[in-house]
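Take a look at the structure set out below.
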Amino acid sequence: MTTPYRLHYAPDNASLIVRLALLELGQPFDTLLVDRRTHAQTSPAYLALNPHGLIPTLETPQGPIFETAAILLWLADTHGALSPAPDSPQRGDFLKWLFFTSNTLHTTLRMLFYPDKFVGPDPSAQSALHAQITQNLRTHLGALDTLAASAPPWFGGPTLSLLDLYIPVCLRWMALYPRDGTAWFRLTDTPHLQRIAAQTESRASIQSAIEAEGLGPTPLTAPRHPTPPEGSAL
């Protein structure tokens, strides 16, 4: 590698969050498109890096890392930014919400976006899943909005954290995906999260990601479907 890091990405996938973290940390990195149109995520070369065939994977001097939260936390701890330090009294609270975002919010979104993977092709089963999942997501968003209203120093404050990157990207996806199933979501229902999304959207890292992945001028507060310069988000 010509730089310390190589990010295996697809436009508007979870790799977007890792891209933003690398940009915010000021770390040089190369990118390698995982073209989902050709199922490149299941190619032998990719599976050698990430045996689960999911995006993203980050190649590092210590070897490849997969799982979004693992990559983010490793980067933050390696470079001493975007999270409370391991010995900080704020570390525990930060970690529980980071992993809530990864293990609960993000995982629930996967069920919303890929219902066939969880209940099969039956339309009625998928419709029932959509109804339950969106109800769950409203609960999760309410909890996160309450958290944001409490103004912890590691979420929506003057010092950017991983949560300030991760959660607004999840909000973007809720507004866009699945294409015929987003009527349940309104960003204005969570005004404190809306404020954080607007703050994050103004950062230079977002502007770089807009250019790299074709995200449109307001990718977090009024998103549109991406028009990437290469590859596919599908």
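No lab work stands behind these numbers, since they all come straight from the coordinates. The model shown is predicted, which means the values in this text are computed figures rather than measured ones. As a convention, Cβ positions derive from the backbone with ideal geometry for all residues, glycine included, and neighbour counts pool all protein chains shown.
With the simple spin-label model, which puts each label point 7 Å out from Cα in the Cβ direction, the residue 230 to residue 208 separation comes to 1.7 nm. Ranking of 33, 160, 22 by neighbouring Cβ atoms within 10 Å, starting from the fewest: 33, 160, 22.
Each Lys and Arg adds +1 at its Cβ and each Asp and Glu adds -1 at its Cβ; summed about the Cα centre, the range 91-203 shows a dipole of about 160 debye. Phi angles of the range 203-213 translate, via the Karplus equation with coefficients 6.51, -1.76, 1.60 and θ = phi - 60°, into HN-Hα couplings of 7, 5, 4, 5, 4, 5, 5, 4, 5, 6, 10 Hz per residue; Gly and Pro are given as x.
Counting neighbouring beta carbons within 10 Å and listing from fewest to most, the residues 71, 133 come out as 133, 71. Both radii were evaluated on the Cα set of the range 91-203; the Rg over Rh quotient, with Rh as the Kirkwood radius, amounts to 1.00.
Of the residues 100, 155, 185, the one with the fewest other Cβ atoms within 10 Å heads the list, and the complete ranking is 100, 185, 155. What spacing in nm lies between the two simple spin-label points modelled at residue 131 and residue 222, each 7 Å away from Cα in the Cβ direction? It works out to 3.4 nm between the two label points.
Near the amide H of residue 32, within less than 5 Å, lie the amide hydrogens of 7, 8, 9, all on another chain or at least 5 residues away, with H placed in the peptide plane.
For the options 115, 89, 152, a Gaussian network treatment of the chain with springs between C-alpha atoms closer than 10 Å singles out 89 as fluctuating the most. The phi-based Karplus calculation (6.51 cos²θ - 1.76 cosθ + 1.60; θ = phi - 60°) puts the 3J(HN,Hα) values of the range 70-84 at 5, 4, 4, 5, 4, 4, 4, 6, 5, 10, x, 7, 6, 7, x Hz, whole numbers, x for Gly and Pro. Computed over the chain with a Gaussian network model linking Cα atoms closer than 10 Å, the most mobile of 21, 143, 128 is 128. Here the Gaussian network model covers the chain, with springs between Cα atoms less than 10 Å apart; of 184, 154, 173, 184 fluctuates the most. Close amide H pairs (under 5 Å, H built 1.01 Å from N) link residue 65 with 58, 59, 60, residues at least 5 positions away or on another chain. In this structure, residue 45 and residue 99 have a Cβ-Cβ separation that, at R0 = 30 Å, corresponds to a calculated FRET efficiency of about 0.50. Applied to the range 133-138, the Karplus parametrisation 6.51 cos²θ - 1.76 cosθ + 1.60 on θ = phi - 60° returns per-residue 3J(HN,Hα) values of 5, 5, 5, 4, 5, 4 Hz, with x for Gly and Pro.
Within the chain, all pairs of alpha-carbon atoms sorted by distance into 10 Å bins from zero give the percentages 7, 32, 39, 19, 3, 0. Full extension of the chain between residue 179 and residue 110 gives 23.4 nm of extra length, using 0.36 nm per residue less the Cα-Cα distance.
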